[in-house]
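Taking it in order: structure first as structure tokens, then the write-up.
The values are calculated or read from the model by the stated rules, or taken from the named source; none is laboratory data. Quick caveat: nothing in here was measured; it's all calculated off a predicted structure. Glycine gets a Cβ as well: all are built from the backbone with ideal geometry, and neighbour counts include every protein chain shown.
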């Protein structure tokens with residue numbers, strides 16, 4: 001039956017004096033929220049930019065080896081992103097609502113168990129992923145790719161296999177720390193690891209002459225260094241968490257179902273968007289001048305990846321903030337965090353539109369000397385800027401949905417926007433109406449418009465008081481013993497099922 005406000009008041013009594021406050025926030029509240037949000041987001045943005053720099057370094061060293069090595073490495077990087085990294089990042093993002101709400105309610109045992117469960121989930125996920133990586137050459141040859149490029153890509157992919165294991169720890173640890181507002185250590189760990197990335201590449205590729213395997217091994221070693229640094233930090237700082245790290249395997253495995261119901265739609269939501277950009281690259285290859293179109297697409301995708309670092313960081317941090325406040329029984333503050341984040345995202349989008357207009361004729365010169373490629377990029381770059389005007393609030397909105405444990409909503413919106421709106425528009429304009437290269441990016445623009453409008457409608461209709469009640473149900477079950485007792489397991493499963501049903505939160509009790 002539906003919950004009435006008086007029953008909610010009784011349940012949440014004393015947790016938040018602003019629980020039923022509908023007044024506009026004061027300027028001091030907004031400023032304080034901005035400080036907290038960007039205090040978390042800026043270090044994460046820096047960490048993402050360092051990851052972007054690391055990828056650029058790898059491409060540079062591949063380019064030094066030759067055009068064949070560069071093409072093979074690029075093919076392998078695209079394949080591993082689609083089949084591996086996007087999946088692991090997406091699954092790990094399902095940890096955000098559980099960890100953030102558990103931290104907000106000070107449920108340390110749930111926080112610890114959820115981290116261990118996600119590591120187990122990712123470890124299992126790496127098994128089919130590794131099989132696809134090992135068979136990359138067969139898959140690409142079946143798809144008609146050049147055998148020489150495919151062989152080089154298979155070599156890079158094979159030596160990247162250990163990176164799957166490092167990411168089973170790296171991705172959950174990032175979410176675990178970020179969900180508690182701990183972001184500066186992530187930045188410092190990333191910085192220390194990336195500092196050694198260039199020397200590692202130089203030693204392995206130039207000094208030892210390992211070639212493509214050396215570039216792959218350098219990336220693996222950099223991620224491994226990052227994992228060791230983050231594990232070391234968590235271990236030394238573990239006194240701040242009143243939780244148990246040693247539990248029975250039954251406790252870890254017993255609550256996998258509810259966590260998977262959050263992780264899978266989170267994964268789909270992220271993958272559907274990531275994969276669309278790879279589809280654009282494929283479609284560009286069917287245009288009248290495919291070499292020119294694919295080259296310009298590569299520059300534009302690198303540009304969007306760079307711009308994506310800020311809204312991606314903002315989305316992760318607002319997810320943590322919203323989850324923390326809901327877990328603490330403070331829906332008014334959760335709503336304020338969401339509003340401030342969306343306004344910040346809109347401002348970032350406006351900045352992106354501005355600089356893409358101003359630098360449209362110069363930007364491509366940083367990547368190529370080909371005048372035809374530069375002209376094609378210049379003609380489309382303003383469209384990319386407009387896309388970011390929608391992408392920044394859309395990405396942030398997806399983060400808010402994850403913070404309220406509604407990743408399935410975001411996944412459904414991404415599916416409809418990118419594949420039912422964006423893809424038909426892109427194909428129709430680029431090939432049906434002969435708009436050409438620009439038509440592909442007008443397809444992206446239409447997808448972003450549909451996506452951001454849908455998410456804003458969902459957020460405007462969100463009942464924050466009810467979200468806080470559901471967050472309390474998620475974190476209110478006593479788990480202090482964590483002794484594997486059947487009753488505790490049953491209670492924990494029930495708690496998860498209160499939160500998740502088919503990837504959506506329940507609306508009644």
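Within this structure, residue 293 passes the test of being within 17 Å of residue 375 (Cα to Cα) and crowded, with 18+ Cβ neighbours inside 10 Å.
Among the residues of the stretch 419-471, the ones that are buried (at least 16 other Cβ atoms within 10 Å of the Cβ), without any contact (Cβ under 8 Å) to a residue 24 or more places away in the chain and not in a helix (DSSP H, G or I) come to 1 in all. Counting only residues that are closer than 18 Å to residue 179 by Cβ and at pLDDT 60 or above, the stretch 236-248 holds 3 of them. Criterion applied to 100, 130 was being at pLDDT 95 or above and within 30 Å of residue 315 (Cα to Cα), and the one residue passing it is 130. Being modelled with pLDDT of 85 or more, farther than 19 Å from residue 121 by Cβ and out of contact with any strand residue (DSSP E or B) (no Cβ under 9 Å at 6 or more places or on another chain) is a property that does not hold for residue 264. Residues that are within 23 Å of residue 56 (Cα to Cα) and under 25 Å from the mean Cα position of the chain (by Cα): does the stretch 317-327 have at least one? No, that holds for no residue. Would you check if residue 118 is touching a residue at least 60 places away in the same chain (Cβ under 8 Å), within 25 Å of residue 265 (Cβ to Cβ) and crowded, with 24+ Cβ neighbours inside 10 Å? Answer is yes for this residue. Among the criteria (1) without any contact (Cβ under 8 Å) to a residue 40 or more places away in the chain; (2) surrounded by fewer than 17 Cβ atoms within 10 Å (Cβ to Cβ); (3) over 30 Å from residue 465 (Cβ atoms), the one residue 70 does not fulfil is (2).
Scan the stretch 129-148 and tell me whether some residue there is under 30 Å from residue 330 (Cβ atoms), in contact (Cβ under 8 Å) with a residue 60 or more places away in the chain and part of a loop (DSSP other than H, G, I, E, B).
Checked against the condition, which is being under 30 Å from residue 330 (Cβ atoms), in contact (Cβ under 8 Å) with a residue 60 or more places away in the chain and part of a loop (DSSP other than H, G, I, E, B), the stretch 129-148 yields no hits at all.
Residues in the stretch 358-383 that are closer than 19 Å to residue 288 by Cα and outside any helix (DSSP H, G or I): 370 only.
Check whether at least one residue in the stretch 156-164 is in a loop (DSSP other than H, G, I, E, B) and surrounded by 17 or more Cβ atoms within 10 Å (Cβ to Cβ), and report yes or no. Checked against the condition, which is being in a loop (DSSP other than H, G, I, E, B) and surrounded by 17 or more Cβ atoms within 10 Å (Cβ to Cβ), the stretch 156-164 yields at least one hit.
Residue 84 meets the conditions (1) at pLDDT 90 or above; (2) surrounded by 20 or more Cβ atoms within 10 Å (Cβ to Cβ); (3) more than 22 Å from residue 141 (Cα to Cα) in every case but one. The failed one is (3). Checked across the stretch 402-415, the condition of being assigned to a helix (DSSP H, G or I), surrounded by fewer than 24 Cβ atoms within 10 Å (Cβ to Cβ), without any contact (Cβ under 8 Å) to a residue 60 or more places away in the chain and touching a helix residue (DSSP H, G or I) at 6+ places or on another chain (Cβ under 6 Å) holds for no residue. Residue 328: touching a helix residue (DSSP H, G or I) at 6+ places or on another chain (Cβ under 9 Å), modelled with pLDDT under 90 and within 21 Å of residue 95 (Cα to Cα), yes or no? Yes; evaluated as a whole, the condition is true for this residue.
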